[in-house]
Amino acid sequence: MPENFKELLKQDFSDLEAAVTSWQKLGKALEEAQGRHRHKVTGPLHASEWEGVDSRYAFAKMETSESQLGTAQSDVTSIATILDSVHTKMKEAQEDLRRAVRTAEADGYVVDDDGNVTDSRSCPTDNADEAAQEEHQLRVGKLEGYKNDIEYSIGGGQ
């Protein structure tokens, strides 16, 4: 029985997709906040040639804040990229799995809720003609192929 067959087959990835979008928006917001801070706070203060002991401490603090915004933006963007990659790979795996199930079922095989593939057609007896036995061997080979396709789709081949 392929592990996680049912979960992958029926999984709705809309929450993961929404998470990707949220992380991307947060990354953009942090990038914009860093830019705004630089252009509307530290930039004008530098342009005004603010000087003195207080200015050195203030500029150091402001530069630290801008740096932290940049670091947070980088981290958040990395998280968004990783989640997007996972989302893409999971959707592809689901599409591959669904395609494998459809193909097996279209060829007359049965795929149960656990991902097991069976052939409900009877197998030839020992006294069946050679063509019937060859056809049966071909069907057994296809059955194994469909099992492998399903197993590979859910990660067994990776």
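Coordinate-derived values only; no laboratory data. Fair warning: this is a prediction, and the values are worked out from it, not measured in the lab. Cβ sites come from the backbone with ideal geometry, for glycine too, and all protein chains shown count toward neighbours.
Taking K and R as +1 and D and E as -1, what net charge do the other residues with C-beta under 12 Å from the C-beta of ALA60 add up to? Mind dumping the intermediate values first?
On the way: positive: ARG56, LYS61; negative: ASP54, GLU63, GLU66.
My count for the surroundings of ALA60 gives -1.
Here are several values of Cα extents along the principal axes in Å: (i) 54, 47, 35; (ii) 104, 22, 20; (iii) 50, 38, 26. Which one was derived from the coordinates shown?
(ii)
Please identify, among GLY52, GLY27, GLY108, the residue showing maximal mean-square fluctuation in a Gaussian network model of the chain using a 10 angstrom Cα cutoff.
Largest GNM mean-square fluctuation: GLY52.
For segment 36-78, with only Lys/Arg (+1) and Asp/Glu (-1) charged at the beta-carbon, what is the dipole magnitude about the Cα centre, in debye rounded to 20?
140
Quick one: net charge around TYR146, please, counting Lys, Arg +1 and Asp, Glu -1 for every other residue with C-beta under 12 Å from its C-beta. Walk me through the intermediate numbers first.
Values: positive: ARG99, ARG102, ARG139, LYS142, LYS147; negative: GLU105, ASP107, ASP119, GLU144, ASP149, GLU151.
Around TYR146, the surrounding residues sum to -1.
Which of these, ALA104, ALA132, ALA29, has the largest mean-square fluctuation under a Gaussian network model of the chain (Cα springs below 10 Å)?
Result: ALA132 has the largest fluctuation of those listed.
I'd like to know which of THR88, ALA132, SER78 lies farthest towards the positive end of the charge dipole of the chain, counting +1 on Cβ of Lys and Arg and -1 on Cβ of Asp and Glu.
SER78
Just to be sure I understand the curve: with the Debye formula and one point per C-alpha of segment 5-96, what is log10 I(q)/I(0) at q = 0.13, 0.18 Å⁻¹?
The Debye formula, applied to the Cα set alone, gives -0.58, -0.81.
With charges only on Cβ, +1 for K and R and -1 for D and E, what is the dipole size of segment 58-158 about its Cα centre, in debye, rounded to 20?
Charge dipole, segment 58-158, about its Cα centre: 520 debye, nearest 20.
Under 5 Å between amide hydrogens, which residues at least 5 positions from CYS123 or on another chain qualify, with H placed 1.01 Å from N in the peptide plane?
Correct list: empty.
Measure nothing but the geometry: give the 0 to 90° angle between the long axis through the Cα atoms of 53-106 and the longest principal axis through the Cα atoms of the chain, rounded to 10°.
Taking the Cα atoms of the chain, the angle to 53-106 is about 10 degrees.
If neighbour count is taken as other Cβ atoms inside 10 Å, put GLU17, GLU130, GLU144 in order from fewest to most.
Working: GLU17 15, GLU130 8, GLU144 11.
Final ranking by Cβ density, sparse to dense: GLU130, GLU144, GLU17.
Select from LEU138, LEU97, LEU30 the residue whose mean-square fluctuation is largest in a Gaussian network model of the chain (Cα-Cα springs shorter than 10 Å).
Judging by the Gaussian network model, the answer is LEU138.
At 222 nm, what helix-only mean residue ellipticity would the chain give, in deg cm²/dmol to the nearest 500, using -39500 (n - 2.57) for each DSSP H run of four or more?
Working: 5 runs with 113 residues, N = 158.
Mean residue ellipticity, 222 nm, calculated: -25000 deg cm²/dmol.
Calculate, in whole percent, how much of the Cα-Cα pair population of segment 75-157 lies beyond 20 Å. Show your work: numbers first, answer last.
Details: 1664 of 3403 pairs.
Summing the P(r) tail past 20 Å for segment 75-157 gives 49 percent.
Rounding to the nearest 10 and keeping the result within 0 to 90°, find how far the Cα-based axis of helix 14-37 lies from the longest principal axis of the chain.
Around 20 degrees separate the two axes.
DSSP loop chymotrypsin sites (Phe, Trp or Tyr not before Pro) in segment 50-158 with at most 15 other Cβ atoms within 10 Å of their Cβ, which ones?
TRP50
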